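These notes are about the structure you will find just below.
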Amino acid sequence: MATNNRHLLGLEGVSADDITVLLDTAESLTEVSRRDVKKLPTLRGKTVINLFLENSTRTRTSFEIAAKRMSADTINISASTSSLSKGETLEDTARNLAAMAPDAIVVRHPAAGAARFLAEIIDCPIINAGDGAHEHPTQALLDLLTIRQHAKSFEGLVVTIVGDILHSRVARSNLYGLKTLGAKVRLAGPPSLLPRELEQFGAELHYDLAEAVRGADVVMMLRIQRERQVGNFFPSLDEYASYYCLTEDALAEAKREVIILHPGPINRGIEIASGVADGPYSLIMSQVANGVALRMAVLYQLIVPVAEGIRGSAMDETPASPPLRAAGQGG
Ligand code: CP
């Protein structure tokens, strides 16, 4: 990153300058996806391991595409196809992968703190692709990039995040990033899914959807994370939807030029009506598209440190660390 940070474990404590560097880098990389030949040589000779020990569609695919668009070699590992299924520990798995000299490991894990644990025991950049209910920093960064493409400034912007806040790593990472950039953050949902301690990070808490959405510039809807819920947090999904599903009527309370975000996967008719998810205010597919550029930016910033003194721009048409010239074989 712009500083000496070697890992991206979360957005808590990351400065506005570091976030801005990542967003600027990502913005410059968005056009690569519109090219005929979607390839830069920037990470040629580098290896990225995607260690996904929890299911994923968007994050895993976009990290792989991002690495490949920068010419890195990628390896994908899941829990069911790895020796974790034979009882090997996460620590042993990580040490064995590190012995193969990857340049970065992207990790998704159901336990909060898993990415930090890896960062403490192995010696290459670790990127948190979602750890339990803790953080999902690249999701929040791509959300920030999407918002920035449609808003003049984060300062004073009203962003309402609705849903299962208690179990949402997306909500936490967005809260940290948005507050750092100067936005006002409202968190909304049933009391059982809305932890009061998030007020200490500057969030306003709301239990009423209409009140939470009133005057909002951005509304981000979140899925009910049933895979992380232990116990009953509301009587039924139908009842939840009757209070918290974002419909066209509920959206009428927001600003006229409101934008709608959702990290996916969507449960249509539960947290968001299809007419809103697919409607004119929805930027859900822009979020997915931005995910590739944002993850290219993160890989670039972490794998090619400023200290190497060989880094130009992420858009350079020559590799950041050209292996042929380094070996004395090239021009
Ligand atoms: N937003 C998100 O993390 O989606 P996936 O679980 O499909 O990666």
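The values are calculated or read from the model by the stated rules, or taken from the named source; none is laboratory data. Being a predicted model, the structure only gives us computed values, none of them experimental. So basically every Cβ, Gly included, is an ideal-geometry build from the backbone, and we count neighbours across all protein chains shown. Ligands, DNA and RNA are stripped out before the accessible areas are found, and what is left, the full protein with its side chains, is counted by its heavy atoms. Shrake-Rupley method; radii C 1.70, N 1.55, O 1.52, S 1.80 Å.
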query = Can you give the accessible area per residue of the chain, in Å², using a 1.4 Å probe?
reply = 43 Å²
ask   = So for the chain, taking the charge dipole from beta-carbon charges (+1 Lys/Arg, -1 Asp/Glu), which of Asn290, Gly189, Tyr300 sits furthest toward the positive end?
value = Tyr300
ask   = Across segment 7-166, how many lysine pairs separated by 8 or more positions, or lying on different chains, have Cα atoms within less than 23 Å?
value = 4
query = Once label points are set 7 Å from the Cα along Cα→Cβ at both Glu211 and Ala79, what is their separation, rounded to one decimal in nm?
reply = 3.8 nm
inquiry  = Quick one: the Cα spread of segment 75-231 along its three principal axes, in angstroms, biggest first?
reply    = 52, 39, 25
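If packing is taken as the mean number of other Cβ atoms within 10 Å per residue, what is the order of 215-223, 267-275, 247-255, highest first? Mind showing how you got there, number by number?
Numbers: 215-223: 23.4, 267-275: 17.8, 247-255: 15.9.
Result, highest mean Cβ count within 10 Å first: 215-223, 267-275, 247-255.
Given charges of +1 on the Cβ of Lys and Arg and -1 on the Cβ of Asp and Glu, with all other atoms neutral, how large is the dipole of segment 14-71 about its Cα centre, in debye to the nearest 20?
On the way: 10 positive and 8 negative charges, 98 e Å.
So the magnitude is around 460 debye.
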task = Provide the three semi-axes, in whole Å and in decreasing order, of the ellipsoid equivalent to the chain as defined by the square roots of 5 times the Cα gyration tensor eigenvalues.
result = 35, 23, 17
key: Relative packing of 198-206, 174-182, which averages over residues the other C-beta atoms within 10 Å, highest first   = 174-182, 198-206
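Using only the Cα atoms of segment 3-98, construct the convex hull and provide its projected area averaged over every direction, in square nanometres to one decimal.
Working: hull surface 31.8 nm².
Result: 8.0 nm².
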ask   = By per-residue mean of other Cβ atoms within 10 Å, what is the highest-first order of 76-88, 276-288, 232-244, 46-58?
value = 46-58, 276-288, 232-244, 76-88
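What's the carbon and sulfur percent of the chain's accessible surface, probe 1.4 angstrom, rounded to a whole number?
Working: 7110 of 14260 Å².
C and S atoms contribute 50 percent here.
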Hits among aspartates and glutamates - C-alpha to C-alpha of Lys179 under 18 Å, sequence gap 8 or more where chains match = Glu12, Asp17, Asp18, Glu135, Asp143, Glu155, Glu197, Glu199, Glu204, Asp217
ask   = About its Cα centre, how strong a charge dipole does the chain have in debye, to the nearest 20, once Lys and Arg get +1 and Asp and Glu get -1 at the Cβ?
value = 800 debye
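In percent, what relative contact order does segment 137-285 have, based on Cα pairs under 8 Å that are 6 or more apart in sequence? Mind dumping the intermediate values first?
On the way: 264 pairs, mean separation 35.2, N = 149.
Reported relative contact order: 24 percent.
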